[in-house]
1. I need a count of the residues in segment A:529-576 that are outside any strand (DSSP E or B) and either surrounded by fewer than 16 Cβ atoms within 10 Å (Cβ to Cβ) or out of contact with any strand residue (DSSP E or B) (no Cβ under 6 Å at 6 or more places or on another chain) (or both).
2. Would you mind stating whether residue A:468 is away from chain B (no Cβ under 14 Å) and part of a helix (DSSP H, G or I)?
3. Suppose the filter is of a type outside the set (Phe, Trp, Tyr), surrounded by fewer than 20 Cβ atoms within 10 Å (Cβ to Cβ), under 22 Å from residue B:46 (Cα atoms) and within 11 Å of another protein chain (Cβ to nearest Cβ); does residue A:308 pass it?
4. Among what's in segment A:369-387 and is more than 19 Å from the chain's Cα centre (by Cα) and more than 7 Å from chain B (Cβ to nearest Cβ), pick the residue that is nearest to residue A:253 (Cα to Cα).
5. Can you find even one residue in segment A:206-214 that is in a helix (DSSP H, G or I) and small (Gly, Ala, Ser)?
6. Would a scan of segment A:604-617 turn up a residue that is closer than 28 Å to residue A:223 by Cα and of a type outside the set (Gly, Ala, Ser)?
7. Among the residues of segment A:41-66, write down those that are under 29 Å from the mean Cα position of the chain (by Cα), crowded, with 21+ Cβ neighbours inside 10 Å and touching a residue at least 40 places away in the same chain (Cβ under 8 Å).
8. When the residues of segment B:81-133 are narrowed to those that are basic (Lys, Arg) and more than 16 Å from the chain's Cα centre (by Cα), which ends up nearest to the other protein chains (Cβ to nearest Cβ)?
Amino acid sequence: MIIELGAFALILALVFSVLQTGLSAVGGARRSAVLAGAGRGAALATFLCVAVTFAALVHAFVTSDFSVANVAANSHTAKPMLFKVAGAWGSHEGSMLLWCLVLTGYGAAMAVFGASLPPRLRAYAVAVQGALGIMFLAYTVFASNPMIRLVDPPVEGRSLNPLLQDWALAVHPPFLFAGYVGFSVVYSLAMGALIEGRVDAAWARWVRPWTLAAWSLLTIGITLGAFWAYYELGWGGWWVWDPVENASFMPWLIGAALLHSAIVLEKRGALPGWTVFLGLAAFTFSMLGAFLVRSGVLTSVHAFAVDPTRGVLLLMMMGVAAGAGFLLFALRAPSLNSGGLFAPVSRESAIVLNNIVLSTATATVLLGTLYPLIREAIDGEAVSVGPPFFNLTFTPVMLLALAILPAGPLLAWKRGDAGAVMRRLWVALAAAAVLGLVTYGLIVPRKALASAGVALGFWLIGGALAELAERVKLLRVPLAQTWRRATGLPRGAWGTTLAHAGMGVFVLGASFETAWRVEQAQALSLGQSFRLGAYSLTLQDVGTVEGPNYLAERGKVAIVDQAGRLVCAARPERRFYPTGGQTTSEVHICPKGLDDLYIVLGERRAGEGGKPAWLVRAYVNPWVRLIFLGPLLMALGGAISLSDRRIRLGVGRRASETAA
Amino acid sequence: MRGASLGALRAFALTLTAVVCMAAASEPSERLPDPAQEARARTLFREVRCLVCQNESIDDSQAELAGDLRQIVRKEIAQGRTDAEVRAFLVARYGEFVLLKPPFSVGNAALWLAPAGLLLAGGGLLVALLRRRSAAGSAETAEVDALSAEEEARLAVLLAGDGHDCAEKGSQEDPPA
């Protein structure tokens, strides 16, 4: 019954989204507050209906209602509760429903919280958001309905892929989608502005909070995914430039470019056309991601709920949205006024440079990801484009942007003084160079490139701190005054500092981890040991344990340092899930400061003298924690900027307008 | 209804193919005795695709074919072949598809040159933009620069009166001087 209610609510949502689009569009065109208000009401109703559907699906998963096809295919009674709930978005159908929930949720948010927007822009944006809703809801209802019942329900479900039964992966899709789909608001606002024919500083100010929110959430989503790959897949890596990873990374890069260009538009009125273009591009890349991940046109190690026939539909939806957006852009762009003059050395120039690099980086990832398809279409040749390509092209391009990053926030708008900026940054630059040289001198094996990466990381962190010191006039005025200045700083400034420093933290971690990772693997019988860098590992015991839905062999591995002290008693597991017949590794990770000791228990085999032995793989991953900490700092920076008074300006503006 | 559930099951079955256990190349029984050669082999593994897998290098994959390829690479290296010779051997045998780093060739020129080309094009656009701007605005800029302190204050009042909170923001947002 609840499922039927959910299925009905989903169809009702589709109807409401049609109303949302129609009422809002007419309301905008005729400047009718009543119709626009009705459109907003429909937006809210659409969201509530999708929420009912989603709740019904979650309920079916929680109660293990295997008469629902989706539950039967993705759940199991013995699965822990968290993964039963997460199973609701663990399939193609469920994940598209989550997508719709987030999409209509943002539409409702725009309807409820968008009071500071000019009425026409708001009405058009709600209409466009509704149109996106129509497409995705129609797709969910007609091609990917998760509420379909089975005629003869099975007694037990087929369970969720055990690799996906993990807390990080359970919460990874909601964050990722909140980010991906958050760019739909930017798309709708861009479309609204283009329909109205007005893209100005005020528009940029309305776009920024949505971009910040979407980008920060996407950052968290991607980081969770990388973290999951790191500790769950058991090979110690966190990023392999797989098409699915690239699909999530491209909107992130474009979102980062948009964040910066919107600042130029807001403060200086420059780059309106470019900023709108990025706004359209960000959501286009989100939809491209949805298509790439689910269509199976590219082979991916993370292949997720692949279905080529439905992939075509997703491609068509992307074509419609992107086609409409860029057509309108082409029609309106020539009439957009680009105000704001600036000198070659200025903050505007620095941000334009940042945008050029980020766009080039995005195009590089896009080309590398799609190149196998392109070559195949042109001359039928099958080629592969893998990590070595991206490391050789994307990385140098990005390093260029990072090298100039610390100077950007210190440059004045309009016309900056390069000499003055260098006077403020030389301490950070010198410190970074020294630390890079120390790294090169001290750490064996010597690696010049990685040491340069370490210097770059410190340069980014030092540069961010130097900018903060400058803002609070550290050491140049009495400390009390510095403190006053620090507490009076706009939160946006703290956000910038934190995000830029977070980038540096990430670069430090990535440089260290890729260059100086130590790996060792050996088959060990009980009591045998091997050396791993400065540590010694001994396999002491292997026992069997029974989990809620798996059987496992659990090893006991003692790790001692050179002084013979016990550093870590690792309990890596090798799990067998009888439902699907899969085996997975449960890695044991011992954090040692910023490093990780990473222990994997492999399969049992015959060892010396017929005694059983187990393959034990172990890594020392130096500074690996920074790889995940850095992006979290970036997301936190975004969140702090989002709480800036100037961004929450809606209330103040409205009050002044009513007073006037 | 049947069709839909079958579709769901098929999708599920496909996700299963993604179940992998990685870092297979560290398998001790496969290793070369010479650590330098073994290190070279490991570097090469990361550039070679496991042909039957879902986008994995033979360094990661546990598939049987990946094991065979690792054996081939190790054997070639043990026989004293250079990295380039090993790559050429693999390409002759399996086609370009086997290399995760596509070789620089006519067919791949667009791929390899695009990043640098785009960067240069972007840089060129920026230069053109700055030139046009400075040409169009040199007169204007001179005027703006000539604003007196009194005029600045009046401008701030005007802007504040416009409903935008630029004046207040301006005071906080001024770049550190």
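The values are calculated or read from the model by the stated rules, or taken from the named source; none is laboratory data. Worth saying up front: this structure is predicted, and the values here are computed from it rather than measured. Cβ coordinates were reconstructed from backbone atoms using ideal geometry, including for glycine residues, and neighbour counts include every protein chain displayed.
1. 9
2. Judged against the criteria, residue A:468 is not a match.
3. Against the criterion (of a type outside the set (Phe, Trp, Tyr), surrounded by fewer than 20 Cβ atoms within 10 Å (Cβ to Cβ), under 22 Å from residue B:46 (Cα atoms) and within 11 Å of another protein chain (Cβ to nearest Cβ)), residue A:308 does not qualify.
4. A:370
5. Checked segment A:206-214: at least one residue is in a helix (DSSP H, G or I) and small (Gly, Ala, Ser).
6. Checking segment A:604-617: at least one residue is closer than 28 Å to residue A:223 by Cα and of a type outside the set (Gly, Ala, Ser).
7. Matches in segment A:41-66: A:43, A:46, A:47, A:49, A:50, A:53, A:54, A:56, A:57, A:60.
8. B:133
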